[in-house]
Structures are given as C-alpha cells and as structure tokens.
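The values are calculated or read from the model by the stated rules, or taken from the named source; none is laboratory data. Model, not experiment: these values are computed from the prediction. Cβ sites come from the backbone with ideal geometry, for glycine too, and all protein chains shown count toward neighbours. Just so you know, the surface numbers come from the protein's heavy atoms only, side chains and all, with ligands and any DNA or RNA stripped out. Shrake-Rupley method; radii C 1.70, N 1.55, O 1.52, S 1.80 Å.
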Amino acid sequence: MPGTFLPDFQITDLTGDGRAYGMHGNIRVFVDKGIPGDVADVQMVKSFAKDKTLATGKILAVKKKSALRIDPFCKHFIHCGGCQWQNISYQNQLRFKQEQVEQLFRKAGDQQFEKLPILPSPMERNFRNRVTFTYSNRRWMSPEELRDSSVDRRPAGGYVLKGNNDRIMNIEECLDRKSTRLNSSHLVISYAV
C-alpha cells in the first residue's frame, strides 16, 4: 500500500483531532493539511499493521480546492506542526469544533444535553496561552532552505514537524502566540549558540 498513487482523491471529513481524511475503498487515508472538499493527487506513505483500514497519505498536488480553503497567514504552516487549521477560516473552524463536540456527546449516548455554541475568541491570531517550544542542536531544513546557501544553519528553536518528533523546525515568527514568548525563545537560542 505505501507508494500507491491515488489520483483525484477526495478528502471528505475531519477527525476529532483535526486530521483530514478520505476513503480509498475500505481504507481511511489521513492526509495532512487537507480540507474536506479538496480533490488532490495523493501518495500513500504509511499503512498500519494493527489496523489494515487505516493509512496516511501525502498531498502531491491539489487539483480542486475546497470552498473552505483559505491561504494560511503563517509562512511556516506548510511544514510546521504547531497549527493544523490555518488553511480553514476561523468561522469554519468553529463549525467543525461544534460538530465534534456534539458528536462526542452522541457517542456517549447522552441525547439530553443542552447544545451550547462555542464562544469565539476575540482574537484570531496571537491567542495561544501555552505552546511547547523545543530546542535542538540540529535543525530541520525545508527543501527550499537546503537550496539557499545564505540560510542560517545554526541550532533550532521552534516546533516539531508534524509526524516527525525528532525534527525541529526553526521558527522565526509565530502568529498564534504572543511575540514576547517568541522573543524569549530567540534569546535562549542566541545565548546557547
């Protein structure tokens, strides 16, 4: 299964933890950075020995963008594991989260709950109160950075890459957390290097 090319693969839904997926026969294929409604060429990269109905895939090209898709505001979004839904509008994020909460209550068998709406934050950026900032003496570099000899190759301070806990991406800016936290992190890096 890994290596299988899935042309015109339809991404249909999101899981409770925010992963997009579509179906390939009876196999649920999770696709990072996908959005329900996307049609994309996908390559399967991993199957699971314990559950043959699950696999992960990588988008090679988005053929038809979902009506829900927006341009992410962070330059690190494509590779970073810090945010999952920056390519979906905030209003649609709230709608998906509301559906997930209601689904959890239905699964628990409680049909008698009062459905309260999720309260939106007044800030759509710089809103995070807590983040896990990680440091490494060996930073991960994107394919674009590897081609640029002027890129700083020093140790990294940032987030782990999505699905790669041993790779740290250097973060120059993060629009989901307060800049004072990022400045503090940069001070630690400059002191340690």
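General observations
- Our coupling estimate for the stretch 86-95, obtained by passing each phi through the Karplus curve with A = 6.51, B = -1.76, C = 1.60 and θ = phi - 60°, is 5, 8, 10, 4, 4, 4, 6, 4, 4, 5 Hz, Gly and Pro reported as x.
- Rolling a 1.4 Å probe across all protein chains gives I118 an accessible area of roughly 60 Å².
- The residues of the stretch 44-163 present an accessible area of 70 Å² per residue when probed at 1.4 Å with all protein chains retained.
- Looking at the stretch 19-75, the trypsin sites (Lys or Arg not before Pro) that sit in a DSSP loop and have at most 15 other Cβ atoms within 10 Å of their own Cβ are K50, K52, K65, K75.
- Using a simple spin-label model with pseudo-atoms 7 Å out from Cα toward Cβ, S121 and Q103 lie 2.2 nm apart.
- In a fully extended conformation the segment linking R138 and D13 would gain 41.4 nm over its present Cα-Cα distance, using 0.36 nm per residue.
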